[in-house]
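Sharing a structure, written as structure tokens. Questions coming.
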């Protein structure tokens with residue numbers, strides 16, 4: 001089985017994010033946006049409830065999500081940026097607001113991992129991506145673009161709760177083109 005890859009092209013990220021928005025499928029749009037902006041594993045995303053993202057007493061989106069990761073058992077606090085808050089606000093206005101953020105309308109439970117994969121794949125296929133894209137690609141995309149924007153690998157490692165920098169480096173899918181850009185872009189002498 002091929003390894004999933006981060007989405008490297010920012011226009012493709014925008015197009016993929018907007019795919020479900022343009023179809024009026026807000027829940028699916030929010031799944032893609034949150035996957036790209038929170039670096040959460042799909043199992044953690046699907047376990048989110050409305051209470052974890054919305055303060056019902058004060059009628060506002062929380063500024064942070066606080067979760068315990070299923071895989072690691074570690075607590076994590078994730079700041080929500082403007083893109084996520086905007087997507088959640090749209091979802092809030094469109095959703096039935098059952099317990100789960102990504103609710104299966106028929107069962108009232110969270111959608112399945114398989115359904116989340118189908119949602120991600122359909123958006124990726126509409127963009128005709130050359131590389132294999134899955135739910136995990138959303139998580140990898142976050143780290144890849146954090147690294148490209150200058151965030152230290154140690155910080156990305158901590159966000160991912162990886163055990164070593166080597167794991168994080170492999171995870172980011174750094175290509176020869178990425179390395180070439182460093183060699184060609186670094187000018188030390190004039």
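All of the numbers you see were taken from the coordinates with simple rules; none came from a lab. As the structure is a computational prediction, the values presented were derived from the model and not from experiment. Backbone-built Cβ (ideal geometry, glycine too); neighbour counts: all protein chains shown.
Which residue, 76, 179, 148, has the most motion in a Gaussian network model of the chain that connects Cα atoms within less than 10 Å?
So, out of 76, 179, 148, the one fluctuating most is 179.
Which angle from 0 to 90°, rounded to the nearest 10, does the C-alpha axis of helix 82-94 make with the longest principal axis of the chain?
Its long axis makes an angle of about 20 degrees.
To continue, here is another question. Decide, for segment 1-106, between rounded, prolate and oblate: order the square roots of the alpha carbon gyration tensor eigenvalues as a ≥ b ≥ c, take rounded if a/c falls under 1.5, and otherwise choose prolate if a/b is larger than b/c, else oblate.
oblate
Can you tell me the length gained on complete extension of the stretch residue 64 to residue 94, counting 0.36 nm per residue apart and subtracting the Cα distance?
8.7 nm
Sort 29-36, 14-21, 182-189 by the packing proxy (mean of other Cβ within 10 Å over each peptide's residues), most packed first.
The packing order, highest mean first, is 29-36, 14-21, 182-189.
Can I ask one more? Counting alpha carbon pairs within less than 8 Å and at least 6 residues apart, what relative contact order, in whole percent, applies to the chain?
29
Let me ask you something else. Taking 35 Å as R0, compute the FRET efficiency from the Cβ-Cβ separation of residue 188 and residue 128 and round it to 0.05. Please list the in-between numbers first.
Values: r = 40 Å, r/R0 = 1.14.
Efficiency, from the Cβ-Cβ distance: 0.30.
Let me ask you something else. Name the residue, out of 164, 43, 52, whose mean-square fluctuation peaks in a Gaussian network model built on the chain with Cα pairs under 10 Å.
Maximum fluctuation in the GNM of the chain, among the listed residues, is at 164.
Ratio to report: Rg/Rh of segment 10-185, with Cα atoms as the point set and Rh obtained by the Kirkwood method; give two decimals.
0.97
Under the rule a/c < 1.5 gives rounded, and otherwise a/b versus b/c splits prolate from oblate, where does segment 144-190 land using the Cα gyration tensor? Don't jump to the answer; show the numbers that get you there.
On the way: a/c = 2.75, a/b = 2.02, b/c = 1.36.
Cα axes put segment 144-190 in the prolate bin.
Find the centroid of the Cα atoms in segment 140-190 and in segment 14-89, then give the distance between the two in whole Å.
Segment 140-190 and segment 14-89 have Cα centres separated by 24 Å.
Do the sum for the chain: with -39,500 (n - 2.57) for every DSSP H run of n ≥ 4, divided by all residues, what is the mean residue ellipticity at 222 nm, to the nearest 500 deg cm²/dmol?
Working: 10 runs with 104 residues, N = 190.
Value at 222 nm, helices only, nearest 500: -16500 deg cm²/dmol.
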